[in-house]
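So that we are looking at the same thing, I have put the structure below in structure tokens.
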Amino acid sequence: MESIEHLRGLFAYNDWANRRVIAAIRNCASDKARRILAHLLITESEYFARLHGKDSTGFDFWPDLSVQECSDLGKENAHHFEDLLARFDDEGLGLRADYRTSEGVPHSNTFRELLTHVIIHSATHRGNIIVALRSDGLEPPKVDYIIYLRENS
């Protein structure tokens, strides 16, 4: 089970990896990678709102954002999650959030579950971005967790 300290570390890694991807996309012309990045970041933002009970009915998880809009959203997301996790302890991760999916289906999950989903979802789509960059003949950034640990320990 994820502890608050572990989640804080994973969100610090997530921000680091997102910033590397944004920098790589800023310096290339991969439209597919940019669209996936926009999805990744808007999903992080929407899940943060779901922690506070947001009804996501009809929400568009695939917006057409510029690289600068992605950069701004990435910074905002990192700040929101850092602030949230700074106020929490392990017990707080058991709190439940009630929300509606984009299809309007009601659900309830713990903060631990939703925060873990954000990390896994973002990592999955960073992998998709790396594949898109490679298919465009571009060199993707290295965003492996172990590289983050080696550079930040």
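Within the set of pairs 6+ apart or on separate chains, which have a first residue in region 77-92 that is under 16 Å from Arg50 (Cα atoms), a second that is of a type in the set (Ser, Thr, Tyr) and modelled with pLDDT of 95 or more, and C-beta atoms under 7 Å apart?
Qualifying pairs under 7 Å: Asn77/Ser45.
Right, another one. Please state which of the following conditions Met1 fails to meet, knowing it meets all the rest: (1) buried (at least 18 other Cβ atoms within 10 Å of the Cβ); (2) at pLDDT below 95; (3) hydrophobic (A, V, I, L, M, F, W, C).
Here Met1 clears every test but (1).
Let me ask something else about it. Restricting attention to region 138-153, which residues are part of a loop (DSSP other than H, G, I, E, B) and either under 13 Å from Asn27 (Cα atoms) or among the hydroxyl-bearing types (Ser, Thr, Tyr) (or both)? Before you say what the answer is, go through the steps one by one.
Keep residues of region 138-153 that are part of a loop (DSSP other than H, G, I, E, B), which gives 138-144, 152-153.
Passing the criteria: Leu138, Glu139, Pro140, Pro141, Ser153.
Check Gly9, Gly104 and return the single one that is farther than 17 Å from His125 by Cα and not in a helix (DSSP H, G or I). Even if it seems obvious, please write down each step before you answer.
On the way: Gly9 fails: not in a helix (DSSP H, G or I).
When all the criteria are applied, what remains is Gly104.
I need the full set of residues from region 17-31 which are modelled with pLDDT under 95 and basic (Lys, Arg), in order please.
Arg26
If you take the residues in region 42-94 that are of a type in the set (Lys, Arg) and either assigned to a helix (DSSP H, G or I) or farther than 18 Å from Leu114 by Cα (or both), which one is nearest to the chain's Cα centre (by Cα)?
The first filter runs over region 42-94 and keeps only residues of a type in the set (Lys, Arg), leaving 50, 54, 75, 87.
Now narrow it down to the ones that are either assigned to a helix (DSSP H, G or I) or farther than 18 Å from Leu114 by Cα (or both): 50, 75, 87.
Values: Arg50: 14, Lys75: 11, Arg87: 19 Å.
Step by step, filter region 42-94, then rank; the result is Lys75.
Still on this structure: Where residues in region 100-126 are within 29 Å of Ile22 (Cα to Cα) and in contact with a Ser or Thr (Cβ under 7 Å, 6 or more places away or on another chain), which of them is surrounded by the most Cβ atoms within 10 Å (Cβ to Cβ)?
Residue satisfying both the conditions and the ranking: His121.
Give me the pairs: first residue in region 135-147 and in contact (Cβ under 8 Å) with a residue 12 or more places away in the chain and under 14 Å from Ala12 (Cβ atoms), second residue among the hydroxyl-bearing types (Ser, Thr, Tyr) and not in a loop (DSSP other than H, G, I, E, B), beta-carbon distance under 8 Å, and six or more apart or on different chains, which are they?
Close Cβ pairs satisfying both conditions: Tyr145/Tyr13.
Same structure again: Has region 116-126 got any residue that is polar (S, T, N, Q) and not in a helix (DSSP H, G or I)? Outline the logic, then answer.
Keep residues of region 116-126 that are polar (S, T, N, Q), which gives 116, 122, 124.
Of the ones still in play, those that are also not in a helix (DSSP H, G or I) are none.
No: zero hits.
Would you point out the residue of region 4-55, among those that are more than 16 Å from Asn77 (Cβ to Cβ) and among the polar types (S, T, N, Q), that is surrounded by the most Cβ atoms within 10 Å (Cβ to Cβ)?
Ser30
The values are calculated or read from the model by the stated rules, or taken from the named source; none is laboratory data. Worth saying up front: this structure is predicted, and the values here are computed from it rather than measured. Glycine gets a Cβ as well: all are built from the backbone with ideal geometry, and neighbour counts include every protein chain shown.
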